[in-house]
Amino acid sequence: MKVLVVGANGQVGKHLVKMIQDQDDLEAVAMIRKEEQASYFHDLGAETAIVDLEDDTETIAKAYEGVDAVVFTAGSGPNTGPDKTVLIDLDGAVKTIEAAKQSGVKRYIMISSFDTTREAIQEAPSSFSPYVVAKHYADDWLRRTDLDYTIIHPGMLTNDEGTGQVEAAETVDRGEIAREDVAGVILATLVNNSTVGKEFQVVGGSKAIEDAIANLS
Ligand code: NAP
């Protein structure tokens, strides 16, 4: 299975591409936005596609050729304003969903935020609410498609070493999760078709990632 990783040069993205390349039956296409980012991925044996999420859907869709699944793990990050939150976390995500529809790529995994409900928008501090709004509507756009989607809602991300153990369910108590473990959760989701049509929250915990994902209701 060939997996297009949108936001591959990000912290979760880099872990994920490496994990994909370590599997015999998976290969990654790293979607990045700068040529100088490519060598890390080429050294892993992964293909790259240079695309900016501010490009139009047709340009983004060119990266989908020969792809079987898409993972969206891009984000505008905390150092830009609400303009980039709208352009990347909302519109960028929606364009990658539309590109999947146009290209006939059915499998789509969204890395969302922990809580993207309408209540979470109302409760978020004003500096954070544009991000929650963006994630809320991107998730909603995906739910309204007929893609084989999974929406993953991780807790607060850390750069701790992964433990390989998580707690995952429709709702779990708020907590942290290592970015490396998020990548492990994405990998387990990609290879387990019972996750199609599901969404779940995930934080660090005490169950092996593969078991936690296999046991989602
Ligand atoms: P990250 O390290 O900030 O990586 C984000 C990636 O998005 C970067 O590689 C960046 O590219 C890329 N990107 C930004 N603008 C782009 C554009 N215009 N075109 C193409 N790519 C663009 O993110 P992370 O920490 O790995 O987080 C992964 C995901 O988890 C994100 O979707 C985030 O919203 C979500 N999340 C975060 C938290 C948290 O606690 N931080 C919690 C839950 C979910 P460059 O490398 O070129 O800058």
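The values are calculated or read from the model by the stated rules, or taken from the named source; none is laboratory data. The structure displayed is predicted, hence computed values, not measured ones. Neighbour counts run over all protein chains shown; Cβ positions are idealised from the backbone, glycine included. Only protein heavy atoms, including side chains, enter the accessible area calculation; ligands, DNA and RNA are left aside. Shrake-Rupley method; radii C 1.70, N 1.55, O 1.52, S 1.80 Å.
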- Query: List, please: which pairs have Cβ atoms under 8 Å, are six or more places apart or on different chains, and start with a residue in the stretch 37-57 that is more than 23 Å from Met1 (Cβ to Cβ) and without any contact (Cβ under 8 Å) to a residue 24 or more places away in the chain and end with one that is part of a loop (DSSP other than H, G, I, E, B) and open to solvent by 70 Å² or more (accessible area, probe 1.4 Å)?
  - Reply: Asp52/Arg33
- Within the stretch 24-51, residues being near the ligand (Cβ under 9 Å from one of its atoms), assigned to a strand (DSSP E or B) and farther than 22 Å from Arg107 by Cβ number 0
- Query: So how many residues does the stretch 35-75 have that are open to solvent by less than 20 Å² (accessible area, probe 1.4 Å), farther than 30 Å from Asn193 by Cβ and not small (Gly, Ala, Ser)?
  - Reply: 0
- For the stretch 76-86, does any single residue satisfy the condition of being crowded, with 18+ Cβ neighbours inside 10 Å and touching a Phe, Trp or Tyr at 6+ places or on another chain (Cβ under 7 Å)? yes
- Message: Of everything in the stretch 199-217, what is assigned to a strand (DSSP E or B) and polar (S, T, N, Q)? Give them in sequence order.
- Response: Gln201
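Residues checked against (1) away from the ligand (no atom under 13 Å from the Cβ); (2) over 27 Å from Trp141 (Cα atoms); (3) at pLDDT 95 or above:
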| residue | (1), (2), (3) |
| --- | --- |
| Asp22 | yes, yes, yes |
| Leu53 | no, no, yes |
| Ile60 | no, no, yes |
| Ala63 | no, no, yes |
| Gly75 | no, no, yes |
| Asp83 | no, no, yes |
| Asp91 | no, no, yes |
| Ile97 | yes, no, yes |
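With the structure loaded, tell me whether Thr145 is under 14 Å from the mean Cα position of the chain (by Cα) and surrounded by 14 or more Cβ atoms within 10 Å (Cβ to Cβ) or whether it fails that test. Talk me through it step by step, then tell me what you get.
Details: under 14 Å from the mean Cα position of the chain (by Cα): no; surrounded by 14 or more Cβ atoms within 10 Å (Cβ to Cβ): yes.
Here the answer is no, as Thr145 does not meet what is asked.
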- Among the residues of the stretch 123-142, the number that are open to solvent by 100 Å² or more (accessible area, probe 1.4 Å), part of a helix (DSSP H, G or I) and polar (S, T, N, Q) is 0
- Tell me, which residue of the stretch 106-118 that is touching a strand residue (DSSP E or B) at 6+ places or on another chain (Cβ under 6 Å) and more than 10 Å from the ligand (Cβ to nearest atom) is most open to solvent (accessible area, probe 1.4 Å)? Lys106
- Note on the stretch 1-20: residues within 13 Å of the ligand (Cβ to nearest atom) and part of a strand (DSSP E or B) are Leu4, Val5, Val6
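Within the stretch 151-198, restricting attention to residues that are in a loop (DSSP other than H, G, I, E, B), more than 23 Å from Lys106 (Cα to Cα) and open to solvent by less than 60 Å² (accessible area, probe 1.4 Å), which residue is farthest from the ligand (Cβ to nearest atom)?
Filtering the stretch 151-198 down to residues in a loop (DSSP other than H, G, I, E, B) leaves 155, 159-164, 170-175, 191-192, 196-197.
Restricting the remaining residues to those that are more than 23 Å from Lys106 (Cα to Cα) gives 155, 159-164, 171-175.
Checking the rest, the ones that are also open to solvent by less than 60 Å² (accessible area, probe 1.4 Å) come to 155, 162, 164, 172, 175.
Details: Gly155: 7, Gly162: 13, Gly164: 18, Val172: 13, Gly175: 11 Å.
Among residues in the stretch 151-198 that are in a loop (DSSP other than H, G, I, E, B), more than 23 Å from Lys106 (Cα to Cα) and open to solvent by less than 60 Å² (accessible area, probe 1.4 Å), the one farthest from the ligand (Cβ to nearest atom) is Gly164.
Which of the following residues is away from the ligand (no atom under 12 Å from the Cβ) and not in a helix (DSSP H, G or I): Val71, Val67?
Details: Val71 fails: away from the ligand (no atom under 12 Å from the Cβ).
Criteria check complete, one pass: Val67.
Name the residues in the stretch 133-142 that are within 12 Å of the ligand (Cβ to nearest atom) and either more than 15 Å from the chain's Cα centre (by Cα) or within 21 Å of Ala183 (Cα to Cα) (or both), would you? Steps first, please.
So in the stretch 133-142, the residues within 12 Å of the ligand (Cβ to nearest atom) come out as 134-135, 138-139.
Result: Lys135, Ala138, Asp139.
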